[in-house]
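Notes for the one structure printed next.
FYI, it's all coordinate maths here, none of it is from the lab. Remember, it's a predicted structure, so these values are computed and weren't measured experimentally. Don't worry about glycine lacking a Cβ; one is built from the backbone with ideal geometry, like all the others, and counts go over all protein chains shown.
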Amino acid sequence: MGVNGKHGHPAKDIGMEISESEVIKEFSDEEKIRLIQSHFTRIMEILGLDVNDSSLKDTPKRVAKMYVSEIFSGLNARNFPEITLFENTYGYDEMLIVKDISLYSICEHHFAPIIGKVHVGYFPREKVIGLSKVNRLARFFARKPQVQEKLTMEIAQSLEEVLQTRDVAVYIEANHLCVASRGVKDTDSYTKTSYYGGRFKQRALKSEFLEQIKNTG
Ligand SMILES: [Zn+2]
């Protein structure tokens, strides 16, 4: 089942099944919110919730807005942050570290939160990046259904591209609420993932990076 050519725009037909992802990409944010609102209402009804209850009646709209405008905004390439680069005129060529970037993502297997920290290191070449842009870039890739391994790679590859260097390291430590709240119900376990490119593959530099990010409060 899927969308077929008979309909002008699938968004007009709320409730129909949609299976072609390229069609979904055509939706405007407003259309996405309207459709998700409708489907989420149905989910709540199926769960036996009274969607007319004064406390619940606006929940589908709130969830839809939160999905499209906030926690899944990274699915829309137009939301990729504008990156400001500066000429490295001062010739800084040591390791640069941005640590403790707050991570808030959603696990793509359970749609449950992933909460943690991202640490990034790189050796500048001709360009340096505005520091807050590293945070924005990490946040962009976190704002979609994710797995931590993929998130790590996406942040690293994007930084390599933006900074025109392979000398990039990314380290993520995160608590997956799907693990904490269901299944094995382990609230204390952390998942650590890392990426070491270029010079960071050298043992001494990798150790220095790990040493630097370790001293967190
Ligand atoms: Zn999960």
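Couple of notes before you dig in:
- Listed pairs K65/K201; K65/K133; K133/K214; K150/K206; K150/K185; K127/K150 exceeding 30 Å between Cα atoms: K65/K201
- Where labels lie 7 Å past Cα in the beta-carbon direction, separation of I43 and R62 in nm: 1.5 nm
- Selection from L151, N76, A169 lying farthest towards where the dipole of the chain points positive, charges on Cβ: A169
- At 1.002 mPa s and 20 °C, Stokes D of the chain from Kirkwood alpha-carbon radius, µm² per second: 109 µm²/s
- Length, then width, then depth: along the principal axes, the Cα atoms of segment 85-214 run 52, 28, 18 Å.
- Taking 0.36 nm per residue of sequence separation and removing the Cα-Cα distance, the S189/S55 pair yields an extension gain of 44.8 nm.
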